[in-house]
Amino acid sequence: MKTKKVSAVLATALALALTATACGGSDDGDGDKNKDKNNNNSQKAVADAALESIVNQSSDKGGTVTYEHSDVPDSLDPGNTYYGWVQNFSRLYGRTLTTFKPAAGTDGLTVVPDLAESLGQPSADAKTWTYKLRKGVKYDDGTEVTSKDVKYAIERSNFAPEALSNGPTYFKAYLEGGDKYKGPYKDKNPDGIASIETPDDYTITFKLNKPFADFDYLATFSQTAPVPQAKDKGASYVQNIVSSGPYKFESYSEGRSAVLVRNPNWDKATDPIRPALADRIEIKFKVNPTTVDQHLLNDQITVDAAGTGVQSKTQPKVLKPSEKNQTDNPYAGATTWLAMNVHVAPFDNIECRKAVQYAIDKTSVQQALGGDTKGDVASTLLPPSVNGYTKFDTYATDGNKGDEAKAKEALTACKQPNGFSTNLSARSDRPDEIAMATAIKASLEKVGINAEIKQFPSGKYFANFAGNPSYVHEHKLGLMMMAWGADWPTGFGFLDQVVNGSAIKPSGGNNLMELDDPKVNAALAEGIGMTDAAERTKKWGEVDKLVMDTASAVPLIYRKNLLYRADSATNVTVTQAYLGMYDYLLIGTSKK
């Protein structure tokens, strides 16, 4: 069923979430430097103003927008990425079939056509979806984008894990014949997978093996950004990405930096949603996270590319009255949890998993993260701002502080009465995650579970370590820190790639529990096939409960971002479609 806007349920949920985070948004004093600058109504800036409005609104073009990131991307190749910030950033140089409307508040959750002329035309059973492409969309070399380029982009991104392992597996799971097609690098049939049809240069039709009512959301994903087959170089395509958006790459240095400049063949007439204000966009990687914060506060950069907010060490500084008016504290549409791999002993025993559920003092984890400014204590995988969230707590403890008695009962039941030893993975370049892991370690020690923290770099965390089952099993990574935001803001868009057995991959996977539960898998398939939106929404809460019944994940925090608006940043607004970060399509600069 074609959906032009998010459902009323989702809009209501997001409105409540945005309202909740907007408390304390009044002027705290010492805000004269922001007067008439950071509010579309030309009033003094206030905290959380960007949750529901576009702050420092301007149509001025020119200048350089600068980004810094503490990590490296999994890849800037739109077909080989799964990080939310890259999904946001890649829209500057890659256009997808559909995208989320660059707009403030819940309006930013509206799915709109991008490469396509309109949203998808589905069959009555939601198993066939057809899109018509806009005519005249050109790459940076002047050639026109065709439907075959979109088809090829999907083939390379979903069916060639030997070269591109970072993206999700929706197309592979849902396209007819997706389980047999070997991808464009191994299958030399020039026609590619038969279930994506391109009868002419402007029509693309998807034939699915089962209903998929969220397909317009899936079409927003960067995997539908076109790639001309003649220009593809597999994993090294990232070195010479062909642009279909308003910016092209002037330079790219692996793991260090990238520079984007205007694409002279981009035509605003074919692209009604991108303002393309800046003349130049620069991004640097592997900058110390506290240095990124300092540069942001000093207006030396325009945006913190990670989009997850300032570090805990910086938090007191930005919450001072002199700075708080330039902060926004949205829900991230994301949850942090502790994954237990069900194939690593002793977590192959559900009672050992339950022992961890009851042992963890979640309030100590919240404080380690930075308190309620950085998030609320979680009891479910689905966060409150995602369509389908249902409030429940399967492993409730008094004050969320853990229950040592219940934990020890579970240890006895799993024949480990004196506890056991295991390994706990976390990302080395995420200080907040290390702090949470340390708090978890302390909780577990109280019941005799000794967890040794193993640290790995974020850029390779999923490809080489926590998301690589062979490595996990060999190195006995029983516990793994995990943070996840929805691919799109529905329960399916959040849950499928982290709990569905079909999402388990040899590398680059996100189902860190390696959960392959028949009840969970069947419920997901049933839900996404429901064409009734209300029934589909209800189903996601049921799936969440089924996952929690397996005890394989400990929900820790419903994440919130403490974002800071640089003085020179214009057109700043939070987008819940991209995990509560700023919408990078809109941002310009007052520095010329």
| task | With both partners inside the chain, how many of the DSSP beta bridges are antiparallel, as a percent to the nearest 5? | result | 70
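Under 20 °C and 1.002 mPa s, how fast does the chain diffuse according to Stokes-Einstein, given a Kirkwood radius computed over C-alpha pairs? Answer in µm²/s, whole number.
Translational diffusion coefficient: 89 µm²/s.
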| said: I'd like the distance between the alpha-carbon centres of segment 362-433 and segment 241-285, rounded to an integer number of Å. | reply: 41
| query | Using just the C-alpha positions of segment 157-305 as equal point scatterers, what log10 of I(q)/I(0) does the Debye formula give at each q in 0.12, 0.13, 0.16 1/Å? | reply | -0.71, -0.82, -1.11
| query | Counting only protein heavy atoms, what percent of the accessible surface of the chain is carbon or sulfur at a 1.4 Å probe? | reply | 48
| request: With unit charges on the beta carbon (Lys/Arg positive, Asp/Glu negative), name the residue among Ala410, Ala451, Gln497 whose Cα is farthest towards the positive pole of the charge dipole of the chain. | output: Gln497
| task | Using a 1.4 angstrom probe on the protein heavy atoms only, line up Asp398, Asp140, Asp214, Asp179 by accessible area, largest first. | result | Asp398, Asp179, Asp140, Asp214
| Segments 97-106, 227-236, 182-191 sorted - mean Cβ within 10 Å per residue, highest first | 97-106, 227-236, 182-191
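What does the net charge come to around Asp376 if you take all other residues with beta carbon closer than 11 Å to its beta carbon, with K and R at +1 and D and E at -1? Mind dumping the intermediate values first?
Details: positive: Lys362, Lys374, Arg559, Lys560; negative: Asp372.
Result for the local shell: +3.
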| task | Could you size up the charge dipole of segment 348-421 around its Cα centre, putting +1 on the beta carbon of Lys and Arg and -1 on that of Asp and Glu, and report it in debye to the nearest 20? | result | 100
| field | Charge dipole (debye, nearest 20) of the chain; +1 at Cβ of Lys and Arg, -1 at Cβ of Asp and Glu | value | 420
| note | segment 47-121 and segment 539-592 have their Cα centres apart by a whole-number Å value of 12
| message | Among Tyr395, Ile54, Asn571, whose Cα projects farthest towards the positive end of the dipole of the chain, with charges put on the beta-carbon of Lys, Arg (+1) and Asp, Glu (-1)? | response | Asn571
| remark: Cross-link reach from Lys391 to aspartates and glutamates, straight Cα distance under 14 Å and at least 8 residues apart if same chain, gives Asp376, Glu542, Asp544
| Around Ala405, with a cut-off of 12 angstrom between Cβ atoms, what is the net charge of the other residues, counting Lys and Arg +1 and Asp and Glu -1? | -1
| task | Taking only protein heavy atoms into account and a 1.4 Å probe, give the accessible area per residue of the chain in Å². | result | 35
| note | Ordered by number, the trypsin sites (Lys or Arg not before Pro) in segment 77-136 that occupy a DSSP loop and have at most 13 other Cβ atoms within 10 Å are Lys135
| field | DSSP loop GluC sites (Glu not before Pro) with at most 16 other Cβ within 10 Å excluded, longest remaining stretch of the chain | value | 255-592
| said: Report the Cα-based extents of segment 530-572 along its three principal axes, largest first, to the nearest Å. | reply: 47, 31, 9
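Longer than 24 Å from Cα to Cα, which of Lys320/Lys441; Lys408/Lys476; Lys441/Lys505; Lys138/Lys207 are they? Say none if no pair is.
Beyond 24 Å: Lys320/Lys441; Lys441/Lys505; Lys138/Lys207.
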| said: Among Ile154, Pro122, Gly142, which residue has its Cα furthest toward the positive end of the charge dipole of segment 116-160, with +1 on Lys/Arg Cβ and -1 on Asp/Glu Cβ? | reply: Pro122
| field | Expected 222 nm ellipticity per residue - DSSP helices of 4 or more, -39500 (n - 2.57), all of the chain, to 500 | value | -7000 deg cm²/dmol
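The values are calculated or read from the model by the stated rules, or taken from the named source; none is laboratory data. Since this is a predicted model, take the numbers as computed values, not measurements. For neighbour counting, all protein chains shown are included, and Cβ atoms are generated from backbone atoms with ideal geometry for every residue, glycine included. In case anyone asks, the SASA skips ligands and DNA or RNA and just uses the protein heavy atoms, side chains included. Shrake-Rupley method; radii C 1.70, N 1.55, O 1.52, S 1.80 Å.
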